[in-house]
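Asks: Below is a structure I'd like to ask you about.
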Amino acid sequence: MIETPDFAPGTVWLVGAGPGDPGLLTLHALNALKAAEIVIYDALVSPAILDLIPPGIPREYAGKRGGKPSPQQADISARLIDLAHAGKRIVRLKGGDPFVFGRGGEEAAALAAAGVRFRVIPGVTAGLAGLAYAGIPATTRDTNPALVLATGHLADDNPGGLDWRVLGASDVPIVLYMGLSTLPAIAEKLLAAGRPPGTPAAIVTNATLPTQQVLVAPLNRIAAEAKAAELKSPALIAIGSIVALRDTLAPWQITL
C-alpha cells in the first residue's frame, strides 16, 4: 500500500498536473487534490484533471498566458502565503512539472522567504510526454546523447536569454516550450548559425489530449507551415534528428 504524505494545515503543495491526460497524474498529486482545502490552478491544467477536485473545494484561477491579461506572479505568491498563514491546506496546481518552466521555483522561493513550508509533487513534463505521444523519443543511443529543453519566450536582451548561435551550431535536438509565436525568428537564428535547412522539426499542439495535432516539416519551412495550418498554443516544438523517428514509430503507436 502506498503511504500518503501528511498534508498539514498551513502548508502549500506545488503539484504538477502533467501535460493534460489525467491518466498521467501521479498518485501523490491525486491524493493532494482530495485532501486540499483550496486549489489555485494554472491555465494549462486540463478540465479533466480539474474534475478530479472533490465538489465543494474552492478553486481559484491563477493562469498566465502570453499576450493575455494574467495575474502578476507577485500577487499569486502573496495569495499562497496569505492562505497558508490562515491555516489552509493549499494545492498550487500547475501544468506539467512545477519546476520546468512553471514558475514553481519562484513560488517556492517566495514561500520559503515568508516562512511557509511547502512540498513539491513533480509532474510529467509536457516537453517529454508530448513528444512521446507524438511518436518522437526524446533520446535514443543512435541519435543523441543530449537534449536541450528551452523556452521560446525570452527576449534577446533578457540576461537569462539563450544564445541561439550556440544552439544552432550544435546538432543537439531542441525542445521548445512556449515557442509558437517566436518560431519564425528562432528558426531563422538557428539556420543562420548553421543548422541545416532540412533538419526535421515537429510541432505538437494539445499534447496527450484527444485533440492533439502533430505537424512535421523541415526547419526552413516549419514556421510557414505552422502558420498555414493555423496552429494554436499550447504547443511544443522539437527540432533535430529525433523527429525523423516518428515516421517509423507513429504508425504503430497506440495513443488513445
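Asks: Given the structure, is V148 open to solvent by 30 Å² or more (accessible area, probe 1.4 Å), within 17 Å of the chain's Cα centre (by Cα) and either touching a residue at least 24 places away in the same chain (Cβ under 8 Å) or closer than 21 Å to A32 by Cα (or both)?
Replies: Yes; evaluated as a whole, the condition is true for this residue.
Asks: Related question: Conditions first: (1) closer than 24 Å to S70 by Cβ; (2) open to solvent by 50 Å² or more (accessible area, probe 1.4 Å); (3) touching a residue at least 24 places away in the same chain (Cβ under 8 Å). A29 passes all but one, so which condition is the exception?
Replies: For A29, the failing item is (2).
Asks: Okay, next question. Taking the stated definitions as given, is V91 touching a helix residue (DSSP H, G or I) at 6+ places or on another chain (Cβ under 6 Å) and at pLDDT 95 or above?
Replies: Numbers: touching a helix residue (DSSP H, G or I) at 6+ places or on another chain (Cβ under 6 Å): yes; at pLDDT 95 or above: yes.
Yes.
Asks: Still on this model: Looking only at segment 207-224, count how many residues are under 27 Å from L24 (Cβ atoms) and either β-branched (V, I, T) or assigned to a loop (DSSP other than H, G, I, E, B) (or both).
Replies: Final tally of qualifying residues: 9.
Asks: Also, quick follow-up: Scan segment 225-256 residue by residue and report those that are touching a strand residue (DSSP E or B) at 6+ places or on another chain (Cβ under 8 Å), over 14 Å from A132 (Cβ atoms) and either aromatic (F, W, Y) or not in a loop (DSSP other than H, G, I, E, B) (or both).
Replies: E225, A226, A235, I237, I239, S241, A244
Asks: Right, here's the next one. Tell me the residue from A109, A207, A132 that is surrounded by 23 or more Cβ atoms within 10 Å (Cβ to Cβ) and either more than 17 Å from P218 (Cβ to Cβ) or not aliphatic (A, V, I, L, M) (or both), please.
Replies: Checking each option against the conditions leaves just A207.
Asks: Then there is this: P184 - would you say it is of a type outside the set (V, I, T) and over 17 Å from the mean Cα position of the chain (by Cα)?
Replies: Against the criterion (of a type outside the set (V, I, T) and over 17 Å from the mean Cα position of the chain (by Cα)), P184 qualifies.
Asks: Could you please find all residues in segment 9-23 being open to solvent by 30 Å² or more (accessible area, probe 1.4 Å) and either without any contact (Cβ under 8 Å) to a residue 12 or more places away in the chain or of a type in the set (A, V, I, L, M, F, W, C) (or both)?
Replies: G23
Asks: Can you pull out the residues in segment 112-129 that are buried (at least 22 other Cβ atoms within 10 Å of the Cβ) and touching a helix residue (DSSP H, G or I) at 6+ places or on another chain (Cβ under 7 Å)?
Replies: I121, G123, V124, A129
Asks: Still on this model: How many residues, within segment 1-26, are in a loop (DSSP other than H, G, I, E, B) and either under 19 Å from D42 (Cα atoms) or basic (K, R) (or both)?
Replies: Here the count works out to 6.
Asks: Mind checking which residues of segment 78-98 are open to solvent by 90 Å² or more (accessible area, probe 1.4 Å) and free of Cβ contacts under 8 Å to residues at least 40 places away in the same chain? Break it down into steps so the answer makes sense when it comes.
Replies: If we filter segment 78-98 for residues that are open to solvent by 90 Å² or more (accessible area, probe 1.4 Å), which is where we start, we get 79, 82, 85.
Result: R79, D82.
Asks: Does I40 qualify as being modelled with pLDDT of 95 or more, part of a loop (DSSP other than H, G, I, E, B) and under 21 Å from P9 (Cα atoms)?
Replies: Spelling it out, it is not the case that I40 is modelled with pLDDT of 95 or more, part of a loop (DSSP other than H, G, I, E, B) and under 21 Å from P9 (Cα atoms).
Asks: Please determine, by comparing only the residues of segment 210-240 that are open to solvent by 50 Å² or more (accessible area, probe 1.4 Å), of a type in the set (G, A, S) and at pLDDT 95 or above, which one is farthest from D21 (Cα to Cα).
Replies: Top of the filtered list is A224.
Asks: Restricted to segment 32-54, and to residues that are surrounded by 18 or more Cβ atoms within 10 Å (Cβ to Cβ) and within 16 Å of the chain's Cα centre (by Cα), which residue is nearest to T4 (Cα to Cα)?
Replies: Out of the qualifying residues, it is I49.
The values are calculated or read from the model by the stated rules, or taken from the named source; none is laboratory data. All values derive from a computational prediction rather than experimental measurement. A quick note on method: Cβ atoms are made from the backbone with ideal geometry, for glycine too, and the neighbour counts reach across all protein chains shown. For the accessible areas, the whole protein counts, side chains as well, though only heavy atoms, and no ligand, DNA or RNA atoms are used. Shrake-Rupley method; radii C 1.70, N 1.55, O 1.52, S 1.80 Å.
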